[in-house]
Amino acid sequence: MSDRVMTQKESIEYLLGRSKRKDDTFPIRREFIQARVEGLLLGEPTTGPGPLSKLLRAPHALELLLLVYAVTTGGDFGVTERSQLWARAAGIYMLPDRNASVAVSRQWQHLEKLGLIKRRQHGRFKRIIKRHECGLGGGRLSVAYSAPTGAKGDVYFRVPFAYWREGWHQKLDMPGKAVLLAAMSRRRETFTLPQDTRGARALGLGRHTVTRGIDELLSHELLVKTGTDEMVNVRTKRGYEWVNTYQLAKPFNINLSNSEIERLKAERPEAERTEVERLKVERLEAKYQALKEVELTAEEIELLVLGGNARRKARGGGRLRHPSGPGQASPGQPG
């Protein structure tokens, strides 16, 4: 009899499978990264650190939360599973004994204090119910979860299951994960990631976290430096500063706002037409090369046409035209 225990990869795949999400992605509101800040002086950032900033020293809690976000899709937005399964999936504790319950319980408690989940007894197990991504920020009470709409004030971004399936949950450290989530929340093809204190605060992260995270993503080629852009910064002598611009690489380049999509369409119609024409020319050249390699007699062409007509008739389709007509005049008919 085998005493085999599920691996971390198998545990994660089981949880992802039970979510039944067709597109293999899950949504997170931008408020998880950046909390809205009210009553600031003119020129100060209107966003500040969201709940993510309080999880930078709790990597296992973040992994548990992301799995809960991925798995829960409706109803009370809750999920009930054994502690041992959660412990393996989040990489907290791999042995199938009672110590897993203690290890996981500490992480659930941390998330519950932030107002990101709620625990409820469900038979012998705990049911984990996700709450609104804003948590308890700004002295607010925890808010019940509802599916994000994408409307103004309810902006969200999508995280692909490839985060786990390609092993990025293990390859990336916390700065890399935090900046990856922040970059996806920008919902633009090309964006900036300010590394000064004020700019990092607007991202909801610390300056050192942003710098380390960018370096980490660049080293893994998940982030690509595309150039520089001139941005307003009244704290500088010029009132402007040059900042680096970036793009996310696959599989995380999946978040574009509707306005960004329309902007790209307006900027690239000619490029898109040129690409279509190039593909057409390539297909025609391939057909020409294929025809050059085949020399058919008139009798063979006749047989091909007759065979094609028979097959189309069997499928209920029309007839093929003979190569000699109607575009080519027959004897005794006007051209």
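The values are calculated or read from the model by the stated rules, or taken from the named source; none is laboratory data. Just so we're clear, the structure is a prediction, and the values are computed from it rather than from any experiment. Heads up, the Cβs are rebuilt from the backbone with ideal geometry, glycines too, and the neighbour counts pull from every protein chain shown. SASA here: full protein model, heavy atoms, side chains in, ligands and nucleic acids out. Shrake-Rupley method; radii C 1.70, N 1.55, O 1.52, S 1.80 Å.
Taken together, the criteria exclude residue 140 from residues that are charged (D, E, K, R) and either touching a residue at least 60 places away in the same chain (Cβ under 8 Å) or under 27 Å from residue 87 (Cα atoms) (or both).
Answer yes or no: is there a residue in the range 60-78 that is touching a His at 6+ places or on another chain (Cβ under 7 Å), among the acidic types (Asp, Glu) and at negative phi. Yes: the range 60-78 contains one or more residues that are touching a His at 6+ places or on another chain (Cβ under 7 Å), among the acidic types (Asp, Glu) and at negative phi. Could you tell me which residue of the range 241-279 is modelled with the lowest pLDDT, considering only residues that are part of a loop (DSSP other than H, G, I, E, B) and polar (S, T, N, Q)? The extreme case among them is 257. Taking the residues in the range 104-117 that are open to solvent by less than 50 Å² (accessible area, probe 1.4 Å) and in contact (Cβ under 8 Å) with a residue 24 or more places away in the chain as candidates, determine which candidate is nearest to residue 60 (Cα to Cα). My answer is 107.
For the range 68-96, a tally of residues being open to solvent by less than 50 Å² (accessible area, probe 1.4 Å) and farther than 23 Å from residue 141 by Cα returns 14. All conditions but one from (1) in contact with an Asp or Glu (Cβ under 6 Å, 6 or more places away or on another chain); (2) within 17 Å of residue 184 (Cα to Cα) apply to residue 244; the one that does not is (1). Somewhere in the range 106-122, is a residue of a type in the set (A, V, I, L, M, F, W, C), at pLDDT 95 or above and over 18 Å from residue 32 (Cβ atoms)? No: the range 106-122 contains no residue that is of a type in the set (A, V, I, L, M, F, W, C), at pLDDT 95 or above and over 18 Å from residue 32 (Cβ atoms). All conditions but one from (1) touching a strand residue (DSSP E or B) at 6+ places or on another chain (Cβ under 7 Å); (2) open to solvent by 30 Å² or more (accessible area, probe 1.4 Å); (3) farther than 28 Å from residue 171 by Cα apply to residue 137; the one that does not is (2). Residue count for the range 22-34 satisfying the condition of being of a type in the set (D, E, K, R), more than 17 Å from residue 166 (Cβ to Cβ), open to solvent by 20 Å² or more (accessible area, probe 1.4 Å) and not in a helix (DSSP H, G or I): 1.
In summary, residue 45 fulfils each of the numbered conditions (1) open to solvent by less than 30 Å² (accessible area, probe 1.4 Å); (2) modelled with pLDDT of 95 or more; (3) not hydrophobic (A, V, I, L, M, F, W, C) with the single exception of condition (2).
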